[in-house]
2 protein chains.
Amino acid sequence: MAPIPNARLLFNEIPTNFPEPGKTTVYDTSKTIDVEKEPLNGGILVKTLVLSADPYMRVQMREAHIDGYMPPFIVGQPLYSLGVGKVLRSENEAYKAGDYVYGVLEWALYSIPNTDTGGAFGTRLLKPEPGLPYSVYVGAAGMPGQTAYYGWKEFANAKAGDTVFVSGGAGPVGSLVVQLAKEDGLKVIASAGSEAKVQFCKDVGADVTFNYKTVNTLDVLKKEGPLQLYWDNVAGSTLDAAIENADNHARFIECGAISQYNSKDGVNMKNLDQIYARRLTLYGFLVADLAPKWQDEFYQVIPKKLASGEFKYSEDLTRGLEKGCEALRDVQMGKNTGKSVIIVAEE
Amino acid sequence: MAPIPNARLLFNEIPTNFPEPGKTTVYDTSKTIDVEKEPLNGGILVKTLVLSADPYMRVQMREAHIDGYMPPFIVGQPLYSLGVGKVLRSENEAYKAGDYVYGVLEWALYSIPNTDTGGAFGTRLLKPEPGLPYSVYVGAAGMPGQTAYYGWKEFANAKAGDTVFVSGGAGPVGSLVVQLAKEDGLKVIASAGSEAKVQFCKDVGADVTFNYKTVNTLDVLKKEGPLQLYWDNVAGSTLDAAIENADNHARFIECGAISQYNSKDGVNMKNLDQIYARRLTLYGFLVADLAPKWQDEFYQVIPKKLASGEFKYSEDLTRGLEKGCEALRDVQMGKNTGKSVIIVAEE
């Protein structure tokens, strides 16, 4: 078989603010691949089916010399993120042609993933639950779902009757946190940035929901608090408002900071003294650290609940790798209405 | 015996910024007391020997309707704080005339303290270590020392070779933290706000010391970090600098926020996203919560080390209750050079 184009999305330039399609990232079809002959060196050749567009990817768009919890993207090289692919050829006995794999894939139609890594970002053989599309395996049944599950199980110390506030409550992490909290008997306050997202917070069972762009967060928390728990996906002034309405000994699960990824301006915090005064504990965590402890349980419990409809999920599908840059930018701007997934190819 | 004047320091007005002697607090000698006949109702009559002037007292100078971890001072009534007194008369069998007591005392020459409370602020019979002045029992051997000891034992999870940064390193809390950290084999960076205080940080064994008013905190931490531990007495921009120089999985012990007590302006924080990215844990705590667990051990260990000179302390003594307001203001401004104690009376 002759070489065919291997479409890719390349990191082109470090953004100063939001990523700009065609400038900070570019779609490229100049490279070709001979699918039958590409050397594997003991690896596997994968055809990409779906790719995840995630908020955290913005922190990889930085100068290479700056440290961070995820490696920087390399200018001129493809972006990469978690995805699901189909194995076309394999020189690794753990995989065979026809298998489906979950793991970090290049934003390319074909790639040879690194199968040596483990944990939440490790490549793993996928045994899809009947009725659950592949796209869900990068969302509620993938890393974002794991983030929610691990963080909740590890830090929430949830008690029925507690009140929890979940910012980013409609996202793939937040919406699963809402459902885990309801399962544990908590009162759940959830915020999101559009009426459609607020509706999804309601749909998954949040007791109090609001659009933080049109309603004052402080007012809602003052009325519905105090909070025994805060799940923080956004940081910034929302974190300050949560501190102001925290109960003594409240637990704060620090999971993300989407309000601060795309700006170097800081945020004015008025309530830092309340961290000690109310004896708050703030737990910062990353999903990968907790994977060894909770991953098996997650895969036993969550995909089934999603397939049966007991737990709900929401997706925002973008069809075609060529539109991936727009999807990624929209995630940074909060324009997606559900877990953002790029459908790269059909099987 | 005829009634004699009972000098008192009264809370007079809520300050908007720093407390102002003669305005927000006033010295009053208009009230008298008959020491032999004052009804005790089962309590004890105490002559005040020393009183503690502490940073946290500023949070009690607030509108009565505002919640807080310490009750608000009442306008027209005396201030109160931890102190040491001598029992003159007693109707409580746990105390007899001639005993020395440690506990919350009114800022008055004579008072009848509430002996029903427990924990770090409870009244307790004092058995002074030979060689240790009473004034130390409101400092390194009192609540501030307990704060350092309890917080360090409970949260530091200290490992020899770790690097800890202690802000407010010359205060009665900070200087004991420095010494506990050195005892555990850590590298200690300590900051303070005057050359004399910086010298005291050195004297108690800190490896790296600096005056945060003349040296950039970020520069020092960048050079001497990363931090596995941060003991925070000040919050504000110092907390932001510590986050910026924290190692992954660093522990932050949130003990105080002196930089923020006297202003309602917030502080610009640039690094809140690093709480999750570096998996930091921030432990807010109050000494009273941990007293049941650590108090006995503290009194067994620390007064002896202070009396023998193994652990050092520093005091800033103000003689005369009439100068108490100035002492309290100076503590808020960081003008004291050692634990601020008001010597109210000789025995």
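Some notes on this structure:
- Neighbours by Cβ (under 6 Å, 6+ apart or cross-chain): first from segment A:197-211, of a type in the set (Phe, Trp, Tyr); second open to solvent by less than 30 Å² (accessible area, probe 1.4 Å) and assigned to a helix (DSSP H, G or I): A:Phe210/A:Val220
- Residue that is modelled with the lowest pLDDT [pool: residues in segment B:196-210 that are closer than 21 Å to B:Ala241 by Cα and assigned to a helix (DSSP H, G or I)]: B:Lys197
- For segment A:167-183, the tally of residues that are touching a helix residue (DSSP H, G or I) at 6+ places or on another chain (Cβ under 8 Å) and either assigned to a helix (DSSP H, G or I) or farther than 18 Å from A:Ser340 by Cα (or both) stands at 9.
- Filter pass, A:Pro113 being at pLDDT below 95 and open to solvent by 40 Å² or more (accessible area, probe 1.4 Å): no
- Boolean, A:Pro19 is free of Cβ contacts under 8 Å to residues at least 40 places away in the same chain and out of contact with any Cys (no Cβ under 6 Å at 6 or more places or on another chain): no
- Flag if B:Leu317 is open to solvent by 40 Å² or more (accessible area, probe 1.4 Å), away from every other protein chain (no Cβ under 14 Å) and either of a type in the set (A, V, I, L, M, F, W, C) or within 30 Å of A:Ala257 (Cα to Cα) (or both): yes
- Residues of segment B:226-252 that are facing chain A (nearest Cβ under 9 Å) and in a strand (DSSP E or B): B:Asp232, B:Asn248, B:His249, B:Phe252.
- A:Ala148 vs. criteria surrounded by fewer than 20 Cβ atoms within 10 Å (Cβ to Cβ) and at pLDDT 95 or above: no
- Residue pairs whose Cβ atoms lie under 6 Å apart, separated by 6 or more positions or on different chains, with the first residue in segment B:275-298 and free of Cβ contacts under 8 Å to residues at least 24 places away in the same chain and the second open to solvent by 20 Å² or more (accessible area, probe 1.4 Å) and of a type in the set (Ser, Thr, Tyr), are B:Ala277/A:Tyr69.
- Hey, B:Val164 under 23 Å from B:Gly256 (Cα atoms) and assigned to a strand (DSSP E or B) or not: yes
- Matching residues in segment A:32-47 - criterion: being open to solvent by less than 40 Å² (accessible area, probe 1.4 Å) and in contact with a strand residue (DSSP E or B) (Cβ under 7 Å, 6 or more places away or on another chain): A:Ile33, A:Val35, A:Leu40, A:Ile44, A:Leu45, A:Val46
- Pairs with Cβ under 6 Å, 6+ apart, first in segment B:81-96 and without any contact (Cβ under 8 Å) to a residue 12 or more places away in the chain, second crowded, with 19+ Cβ neighbours inside 10 Å and of a type in the set (Gly, Ala, Ser): B:Lys96/B:Ser90
- The residues of segment B:281-302 that are within 14 Å of another protein chain (Cβ to nearest Cβ), over 28 Å from B:Lys47 (Cβ atoms) and in contact with a Phe, Trp or Tyr (Cβ under 7 Å, 6 or more places away or on another chain), listed by number, are B:Thr281, B:Leu282, B:Tyr283, B:Gly284, B:Phe285, B:Leu286, B:Leu290.
- Which listed residue is part of a loop (DSSP other than H, G, I, E, B), closer than 30 Å to B:Ala7 by Cβ and of a type outside the set (Asp, Glu), from B:Lys127, B:Lys159: B:Lys127
- A:Lys305 being at the interface with chain B (Cβ under 9 Å from one of its Cβ atoms) and of a type in the set (Lys, Arg): no
- When residues of segment A:303-347 are limited to those that are small (Gly, Ala, Ser) and part of a helix (DSSP H, G or I), the one farthest from A:Val198 (Cα to Cα): A:Gly324
- Flag if B:Asp28 is open to solvent by less than 60 Å² (accessible area, probe 1.4 Å) and either on the phi < 0 side of the Ramachandran plot or not acidic (Asp, Glu) (or both): yes
- Criterion: open to solvent by 50 Å² or more (accessible area, probe 1.4 Å) and either in contact with a strand residue (DSSP E or B) (Cβ under 6 Å, 6 or more places away or on another chain) or within 7 Å of chain A (Cβ to nearest Cβ) (or both) - qualifying residue of B:Lys270, B:Lys213, B:Lys223, B:Lys264: B:Lys270
- Residues of segment B:11-25 that turn out to be open to solvent by 20 Å² or more (accessible area, probe 1.4 Å) and either β-branched (Val, Ile, Thr) or closer than 27 Å to B:Lys86 by Cα (or both), as a count: 2
- Just so you know, in segment B:274-294 the residues that are open to solvent by 30 Å² or more (accessible area, probe 1.4 Å) and not in a loop (DSSP other than H, G, I, E, B) include one that is nearest to A:Ser259 (Cα to Cα), and it is B:Gln274.
- The residues of segment A:302-314 that are open to solvent by less than 70 Å² (accessible area, probe 1.4 Å) and without any contact (Cβ under 8 Å) to a residue 24 or more places away in the chain, listed by number, are A:Lys305, A:Gly309.
The values are calculated or read from the model by the stated rules, or taken from the named source; none is laboratory data. Note that the coordinates shown come from a computational prediction; the quantities given were computed from them, not determined experimentally. In this analysis, Cβ positions are derived from the backbone assuming ideal geometry, glycine residues included, and neighbour counts consider all displayed protein chains. For the accessible areas, the whole protein counts, side chains as well, though only heavy atoms, and no ligand, DNA or RNA atoms are used. Shrake-Rupley method; radii C 1.70, N 1.55, O 1.52, S 1.80 Å.
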